[in-house]
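The values are calculated or read from the model by the stated rules, or taken from the named source; none is laboratory data. Because the structure is predicted, anything quoted here is derived from the model rather than measured. We place every Cβ from the backbone using ideal geometry, glycine too, and count neighbours over all the protein chains shown. To get the accessible areas, we keep the full protein, side chains included, count just its heavy atoms, and leave off ligands, DNA and RNA. Shrake-Rupley method; radii C 1.70, N 1.55, O 1.52, S 1.80 Å.
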Amino acid sequence: MSNARLRAIWMGNVATGALGVTARTPLRTSHAYTLYRAERVAAQSDSIVASDLEVVTVTDTSAILTWTTRARDRTGRLRPAPADTEVRFASRGAFRTHYLDSRPTAYHYAEITGLEPGRSYRFEARSAGRVALPAHTRVTRRAGTPESTGIFTTLTPPPGPLLRTIVLANDVHYGERTSGLLVAGLPPGLRHETDEHSEFMLDALLQDVRERDRAADHLILAGDLTDCGALDQSRAVRARLDAWGALGRDYYVCRGNHDAPRDPHRDHWGSVFHGLQQLADYDAAGLRLLALDTTRLRCAGGTITPSQLARLREVLRADPHRPTLVFGHHPVTSYSAVSNPAGPGFVLDRATAAELHGLYRGAPGVFLHHAGHTHRTRVSRPDSDIDVEFLEVGAVKEYPGGYTLLRIHTGGYMANFYKTRSEAARQWSTRTRRQYLGLHPDHALGSFADRNHVVLRDFSGITPATRPGVPLAGH
């Protein structure tokens, strides 16, 4: 198929809503008019413009807002412009400053803590006296979003004590030099001036999840750790991860299509991690973690070989009620197949997906299937009536540049997407917003509910994270 035809298909999918974003609903006229007037005033002045407002993360006790400030240069183009970072809450009708960081930056990240669970907060984000407005994207401009209403509501956490915190991440693409390419240089990609964006984005992730306010017990990376599966890339990723923790105890990986060998007789990624189309299973103090290899040689789409499916069936049947988290690079569901821009051929093949649904139906302990590959955050509907969440997580290496924290309590789990916080990561994430002809935010960010939600479930069989996970005997 020609590059022109591929590009036409991709643009057609975007135009018809195949990015999986909910259909547009017009903003209330009064609020839309207010945004319009504010933007016109800002555009006509020489002062700072605050835009790209996103209420990225809302937990039971905290919220994270990000935005960007710019000013026009002598040619009239908007350029990043440092300013202060302020968030105000409305109290008795008046806005009062609740968060203030006077250190100037163009890439604003405000984390507000000490909030009450299940409570609504009316807010206003500001820099240099300017109110930050959402970008011209559907995902934040739709009616009812926190960005369009100026109100967010904290989550109500699941019952019971916190047992452990797991990081779900994917798509590092270590060694990549140009971001945002689909096929043969289309659409035009972006390069960082240091040519090291994948390296510092991975470092930002590893540093972030070790901080006290994230306190991750385990890290899961669901594929595309490298750009092309080369030996030097695989070894470099392994070295960085080993400095963070131990493979199979603190962190877990599976292969993605970018990690697949170009030559089936020389599997560099496999020599550093584990072999092609092999299941890896681990026990983390009562929590079972299963790593699938869904890659196919020289193909973007995914499958699982009969031998690996047989091994998965054997493991699940041995203890079907054990709480189990499965992760593989390729998304599974029919919804994922039709809602991603590249279509059904980009995800797991339909026959294998049906097999997985059948296996999960017979193993009620499976509660979540984590995937990457699409570089978006999305909760997907199962193809059958099974109690499993299928979750795709946005890429580490580009906008929105982050990971999902899964906080498991005895009575359920809370899932929250976080952007990484380093200055370099925030700057690169902001720059890569404009990938794919400026449509990337609508594709990648996901809805507020995709990024922040609670699922009630019985996890009383999992012990608190007092010791690291260890591989099951014999595996």
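Miscellaneous remarks
- Among the candidates Gly362, Gly358, Gly345, the residue that is touching a strand residue (DSSP E or B) at 6+ places or on another chain (Cβ under 6 Å), open to solvent by 20 Å² or more (accessible area, probe 1.4 Å) and farther than 15 Å from Glu389 by Cβ is uniquely Gly345.
- Extreme residue, modelled with the lowest pLDDT, among residues of the stretch 236-253 that are open to solvent by 50 Å² or more (accessible area, probe 1.4 Å) and over 15 Å from Gly223 (Cα atoms): Arg249
- For Ala260, the criteria (1) of a type in the set (Gly, Ala, Ser); (2) within 23 Å of Ile166 (Cβ to Cβ); (3) in contact with a strand residue (DSSP E or B) (Cβ under 8 Å, 6 or more places away or on another chain) hold in every case but one, which is (2).
- Qualifying residue in the stretch 356-377 (condition: out of contact with any Asp or Glu (no Cβ under 9 Å at 6 or more places or on another chain), in contact (Cβ under 8 Å) with a residue 60 or more places away in the chain and either closer than 25 Å to Asp450 by Cα or not small (Gly, Ala, Ser) (or both)): no
- Qualifying position, being within 22 Å of Phe200 (Cα to Cα) and touching a strand residue (DSSP E or B) at 6+ places or on another chain (Cβ under 8 Å), among Arg407, Arg426, Arg457: Arg426
- Qualifying residue in the stretch 204-225 (condition: part of a strand (DSSP E or B) and surrounded by fewer than 20 Cβ atoms within 10 Å (Cβ to Cβ)): no
- Looking only at the stretch 179-197, residues that are outside any loop (DSSP other than H, G, I, E, B) and touching a Gly at 6+ places or on another chain (Cβ under 6 Å) come to 2 in all.
- Residue match in the stretch 126-142 (condition: open to solvent by less than 50 Å² (accessible area, probe 1.4 Å), touching a residue at least 60 places away in the same chain (Cβ under 8 Å), of a type outside the set (Val, Ile, Thr) and in a strand (DSSP E or B)): yes
- For Asp283, the criteria (1) touching a Lys or Arg at 6+ places or on another chain (Cβ under 9 Å); (2) modelled with pLDDT under 95; (3) closer than 24 Å to Ala239 by Cα; (4) open to solvent by 40 Å² or more (accessible area, probe 1.4 Å) hold in every case but one, which is (4).
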